[in-house]
1. Free of Cβ contacts under 8 Å to residues at least 12 places away in the same chain and surrounded by fewer than 24 Cβ atoms within 10 Å (Cβ to Cβ): which single residue out of Asp62, Asp105 fits that description?
2. Filter the stretch 35-59 down to residues that are under 22 Å from Leu203 (Cβ atoms) and either surrounded by fewer than 19 Cβ atoms within 10 Å (Cβ to Cβ) or in contact (Cβ under 8 Å) with a residue 60 or more places away in the chain (or both), then give me how many there are.
3. If I go through the stretch 212-255 residue by residue, how many of them are more than 22 Å from His79 (Cα to Cα), surrounded by fewer than 24 Cβ atoms within 10 Å (Cβ to Cβ) and either modelled with pLDDT under 95 or of a type outside the set (A, V, I, L, M) (or both)?
4. Could you give me the residue pairs with C-beta distances under 6 Å whose first residue belongs to the stretch 84-100 and is over 18 Å from Gln114 (Cβ atoms), whose second residue is of a type in the set (D, E, K, R) and buried (at least 18 other Cβ atoms within 10 Å of the Cβ) wherever it lies, and which are 6+ apart or on separate chains?
5. Inspect the stretch 260-282 for any residue being among the small types (Gly, Ala, Ser) and assigned to a loop (DSSP other than H, G, I, E, B) and give the result as yes or no.
6. Does Asn152 qualify as being in contact with a Pro (Cβ under 9 Å, 6 or more places away or on another chain), buried (at least 16 other Cβ atoms within 10 Å of the Cβ) and closer than 29 Å to Phe321 by Cβ?
7. For the stretch 71-82, name all the residues that are in contact (Cβ under 8 Å) with a residue 60 or more places away in the chain and either at positive phi or outside any strand (DSSP E or B) (or both).
8. Given the criteria surrounded by 20 or more Cβ atoms within 10 Å (Cβ to Cβ), at negative phi and either in contact with a Cys (Cβ under 8 Å, 6 or more places away or on another chain) or hydroxyl-bearing (Ser, Thr, Tyr) (or both), does Thr116 qualify?
Amino acid sequence: MRTFSLCFVFAAALLHAQSRNLDIYWVDTEGGAATLIVSPSGQSMLVDTGNPGDRDAKRIADAAKTAGLQRIDMLVITHFHGDHVGGVPALAKLIPIQMFYDHGDSIEAGNSPQTTKLWDDYKGLAESKRVILKPGDKIPLNGIDVTVVSANGEVIQKPINGGSSNPTCQNALQKDTDKTENGRSTGFMLSYGKFKFLDVGDLTWDRESMLACPVNKVGTVTLFQATHHGFVNGQSGAPALVWAVNPQVVIVNDGPRKGLEGDAFETITKIPRLEDTWQVHRALKNDASHNTKEQQIANLEETADCKGFWIKASVSPDGRFTVTNGRNGYSKMYTAQP
């Protein structure tokens with residue numbers, strides 16, 4: 001009887017673990033980036049760590065605790081700017097990090113004491129547990145397909161996810177090659193059944209165009225994390241890519257005064273099948289017509305008063321997913337379309 005009981009408990013626990021959803025948290029780093037992904041098996045992948053210091057690291061650790069995590073299994077650093085890699089040392093003191101993934105060595109280390117420290121601090125923690133990614137590689141998140149679509153200034157050569165000829169490339173605006181770490185951002189496509197999520201970090205306009213033209217190499221997606229905190233200063237947000245991936249939902253991990261400048265919000269609103277936009281911050285430099293609905297904005301105030309609320313997407317195996325605002329508990333359900 002005891003053996004039967006133990007087996008039953010184990011089977012019930014396994015069923016519970018397998019029945020949980022895929023969860024994605026956009027943690028507020030106030031103009032930096034941190035996206036925490038937890039697979040149905042409970043394995044975790046954190047993408048970027050926000051700014052140097054304790055504030056962003058504590059917010060990430062709190063989100064990890066909310067998700068029931070004891071460690072970060074995989075940390076993906078899209079590129080080596082302070083608002084993406086700066087939080088690594090502080091975070092490593094709060095929660096164990098098992099493996100580190102990145103695009104290769106920083107091209108800006110040595111340019112200044114700040115960039116040198118960012119690189120040295122990261123390398124010191126990651127060196128013996130580090131994996132260098134290239135386009136086409138897979139990141140081994142249990143039960144989820146994660147394909148690298150950009151890294152170190154290169155993009156995938158062959159289309160995935162039904163990618164095909166892209167008519168929006170005709171007369172598309174071209175911009176000069178970016179020579180900073182932004183253009184080397186590691187980007188990935190996450191697939192969980194019908195649900196597709198695209199995050200390309202701070203990939204710049206020229207590299208976005210490489211992904212999109214003349215062939216859209218990543219197909220259409222369900223949810224898109226707006227590039228570069230909401231197309232910062234027109235450096236990112238090439239319509240040829242944004243409109244071709246044609247997301248149902250866009251999440252903008254912006255800051256109160258970083259992201260959604262100029263034509264950025266209009267680019268998002270012109271996505272053909274867009275159902276909704278959610279913002280981590282209200283763009284305080286914009287009027288109400290250039291922000292999404294207030295109930296879908298996690299943080300409304302300036303940095304000094306910010307509480308750092310997150311946005312979360314919870315995705316079930318059948319493609320239905322719910323997005324929730326951590327500030328007010330408001331949530332909305334969607335169904336992933338082909």
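The values are calculated or read from the model by the stated rules, or taken from the named source; none is laboratory data. Model, not experiment: these values are computed from the prediction. As a convention, Cβ positions derive from the backbone with ideal geometry for all residues, glycine included, and neighbour counts pool all protein chains shown.
1. Only one candidate qualifies: Asp62.
2. Residues flagged as under 22 Å from Leu203 (Cβ atoms) and either surrounded by fewer than 19 Cβ atoms within 10 Å (Cβ to Cβ) or in contact (Cβ under 8 Å) with a residue 60 or more places away in the chain (or both) within the stretch 35-59 amount to 5.
3. 8
4. What qualifies is Gln98/Asp73.
5. Yes, the stretch 260-282 contains a residue that is among the small types (Gly, Ala, Ser) and assigned to a loop (DSSP other than H, G, I, E, B).
6. No: the conditions fail for Asn152.
7. Once the filter is applied, which keeps residues that are in contact (Cβ under 8 Å) with a residue 60 or more places away in the chain and either at positive phi or outside any strand (DSSP E or B) (or both), the stretch 71-82 yields Ile77, Thr78, His79, Phe80, His81.
8. no
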